[in-house]
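Q: This is the structure I have questions about; it appears just below.
Rule-based calculations on the coordinates, nothing more; no lab input. None of the values given here were measured: they were computed from a predicted structure. FYI the Cβ positions are ideal-geometry reconstructions off the backbone, even for glycines, and counts take in every protein chain you see.
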C-alpha cells in the first residue's frame, strides 16, 4: 500500500510540476501536494541541522511531532503548549520540557470531536476555541492539565465553508475577544458582511461587532508592545501572476477598510472589481508592510521576552506558510520584522529558512509563539510538528 501511495504522490508531483512550468504564470499551481495529501514527517535531526539557516547564535530543534495539521499555538499559564489541529478536530497538549532535553515531555489530545478548531486563547480559567462556525469555551485547570465539562457555546452563526474557513482568536488589552473571519473566495463581492473582517465581542459572547473590513484572510494578529497597536497579516489574492499582489501586514484601526476586493497592495485597482469600490476603495488603508506575493503570512508574534538579543525585543516574527500559485516556490520560512527607532519603514529579514530548498519542501510554518523560556516555537502543518528556536549566545553581536 505504501508503494502505491508513493506512486500516487509522484504522479501528483509530476502534474504539479507540469502545471507550474507549462501553464500561464497566473494559473501556476506549484504546492507541495505529496505531503499535503499523504502526510509528511519531520526530517531527521541530521537533515534539519544541514538545511536550516538561522542568525548566528540561534539553533532550531524538534519540540514535538505526530500532531497532524498542527496549526495555532497557545501556552497555558503553567507553561504547557496547546496546538490546534483542524483536520483532527482536536486540540493537543504538549507538556512543558521539565527534563531539559529540548522536547515536550508528553503529547496528548486535550479536546476532541471539535469542528475544525483553529484559534486558541485564555481568559481567566476559560480556554476559548474558535471552531469554523462558532466560538466555544471550557474550564481549564492549568496545574492538572485537564478540562472540566463539555465546551459551551460563546457565539454561533459564524460563516463556514469557502476558501478561508479558519477562525483565529486573540484577547485584546481592552478586554475584548478578537476573531478573524476570512473571505469565502479568492476575489468576489460577499453576501455576508462578516466575511473578510476582524470582528470583536465580549468574552461572554455579547456585543459582537465588525472591527475592521476589507481583509481577505487576516489569519494572524498581535498587539505591538511599544504602542499597543494591533497588526494583522493578510493574504493577497491569487491568479494575477508570480509577483502581484503583495501579501500584507496591516495596522488595524477600528472602522477602517483595507481594500479587498477592490484594491490590492498600495491602492492598485483590482482587475475584476476595481471599478466598483467607489469612495470606500478610495479610502482603503494601505499596508504597513508588503510581503512577497503569495508567500502567505499567517502567524505573527511580537517578542516580549529577554532571552533573545536586544535587537529582537519588541519586534515581530511572522510565519510565511509558502506559495502555491507561483511558478517558483516562495515563502516557507519565518521572518523578522523590525520597526526602526527613527520611524522609517518596517524592515523584513530572514530568521529561519530551509523549510524549502530548491523546490523541495520539508515544512510549512503556520504560527509563531514565544514560550515562557523565551524560546520561539513554530508550528508546521506539513510535517505535523512544532519546532523550538533558542539562542545560545555564540558568535558576534546580534
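Q: With contacts defined as alpha carbon pairs under 8 Å and 6 or more residues apart, what's the relative contact order of region 184-230 in percent? Display every interim value, and only then the final one.
A: On the way: 44 pairs, mean separation 12.9, N = 47.
Worked out over region 184-230, it gives 28 percent.
Q: Next up: Counting other beta carbons within 10 Å of each Cβ, put 158, 127 in order, fewest first.
A: Numbers: 158 20, 127 23.
Ranking 158, 127 by Cβ neighbours within 10 Å, fewest first, gives 158, 127.
Q: A further question follows. Rule-of-thumb check for region 52-107: C-alpha Rg over 2.2 N^0.38 Å?
A: Details: Rg = 12.6 Å, N = 56, 2.2 N^0.38 = 10.2 Å.
Normalised Cα radius of gyration, region 52-107: 1.24.
Q: Using the 10 angstrom Cβ neighbour count as an exposure proxy, how do 312, 332 rank, fewest first? Intermediate results must be reported in sequence, preceding the final value.
A: Numbers: 312 22, 332 25.
Starting with the residue having the fewest Cβ neighbours, the order is 312, 332.
Q: While we're here: For the chain, report the convex hull volume of the alpha-carbon atoms normalised per residue, in Å³, without decimals. List each step's numbers first, then the result.
A: Values: hull volume 57.7 nm³, N = 398.
So the per-residue Cα hull volume is 145 Å³.
Q: While we're here: I need to check one value: relative contact order of region 46-391, counting alpha carbon pairs closer than 8 Å and at least 6 residues apart, in percent. Provide the component values of the computation, followed by the final result.
A: On the way: 951 pairs, mean separation 52.1, N = 346.
Once divided by the residue count of region 46-391, the mean separation gives 15 percent.
Q: Could you give log10 I(q)/I(0) at q = 0.12, 0.22 Å⁻¹ for region 293-398, computed by the Debye formula over C-alpha point scatterers of equal weight, without solvent?
A: So the normalised log intensities work out to -0.42, -1.20.
Q: How large is Rg over Rh for region 282-321, taking Rg from the Cα atoms and Rh as the Kirkwood inverse mean of 1/r across Cα pairs?
A: Here Rg/Rh amounts to 1.10.
Q: So what is Rg over Rh here for region 182-305, counting just Cα atoms and using Kirkwood for Rh? Mind showing how you got there, number by number?
A: On the way: Rg = 14.3 Å, Rh = 14.8 Å.
With Rh from the inverse mean 1/r over Cα pairs, Rg/Rh is 0.97.
Q: Now, a different point. By count of other Cβ within 10 Å, fewest leading, how are 84, 180, 46 ordered?
A: Values: 84 33, 180 29, 46 8.
If I rank by nearby Cβ atoms, fewest first, I get 46, 180, 84.
Q: Follow-up question, since we're still on this one. Rg and Dmax in Å for region 106-205, alpha carbons only: what are they?
A: 14.3, 48
Q: Separate question: Which value results for Rg/Rh of region 56-171 when Rg is the Cα radius of gyration and Rh the Kirkwood radius based on the inverse mean 1/r? Intermediate results must be reported in sequence, preceding the final value.
A: On the way: Rg = 14.6 Å, Rh = 14.7 Å.
Radius of gyration relative to Kirkwood radius: 0.99.
Q: Starting from the Cα gyration tensor of region 303-350, take the square roots of the eigenvalues, sort them a ≥ b ≥ c, and report rounded, prolate or oblate (rounded when a/c is under 1.5, otherwise prolate if a/b is larger than b/c, else oblate).
A: Numbers: a/c = 3.87, a/b = 1.88, b/c = 2.05.
Note, shape of region 303-350 comes out oblate.
Q: Regarding region 148-247, what is the average projected area of its C-alpha convex hull, in nm²? The partial results should precede the final answer.
A: Details: hull surface 33.1 nm².
Here the figure is 8.3 nm², rounded to one decimal.
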